[in-house]
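What follows is a set of notes on a single structure, which appears directly below.
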Amino acid sequence: MVERVRQIIVDHRCGDRGPDGRSTCSCGAEGLSDHPRHVAEKILDGLAVKPDIDQVKERIRFASAWFDWELTLLEGAEC
């Protein structure tokens, strides 16, 4: 894994900065305002790191249901 990350970093060396302060990358990307972020994104893409979307959706559903219940209780208290 270390070798793969090293290769991604080598493949994405920062190039010259243009007059607008943006840089280029050795991979061909141009107009980068944040080259370290570009490299970090490529490392994550190369390692296939992805969030667990199902778990995130489940947490959102739980929070939404809890909020709906709290609103129902508040509406009942106003009567």
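Every number in this text was worked out from the coordinates using simple rules, so none of it is lab data. All of these numbers come straight from a predicted model, not from anything done at the bench. Every residue, glycine among them, receives a Cβ derived from its backbone with ideal geometry; neighbour counts consider all protein chains shown.
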Inset, instruction - Over all directions, average the projected area of the Cα convex hull of the chain and note it in nm². - result: 9.1
Inset, instruction - Just grab the label-to-label distance for Ile53 and Asp20, each label 7 Å out from Cα along the Cβ direction, in nm (one decimal). - result: 3.2
Legend entry - On Cα atoms only, tilt of 2-11 relative to the major axis of the chain in degrees: 70
Inset, instruction - Apply 1/(1 + (r/R0)^6) to the Cβ-Cβ distance of Thr72 and Ala29, taking R0 = 35 Å, and write down the FRET efficiency to the nearest 0.05. - result: 0.10
Inset, instruction - Describe numerically, in nm with one decimal, the distance between label points set 7 Å from Cα along Cα→Cβ at Phe62 and at Ile9. - result: 3.7
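From the helices alone, meaning DSSP H stretches of at least four residues, give me the mean residue ellipticity at 222 nm for the chain, per-run term -39500 (n - 2.57), in deg cm²/dmol to the nearest 500.
On the way: 3 runs with 49 residues, N = 79.
Helix-only estimate at 222 nm: -20500 deg cm²/dmol.
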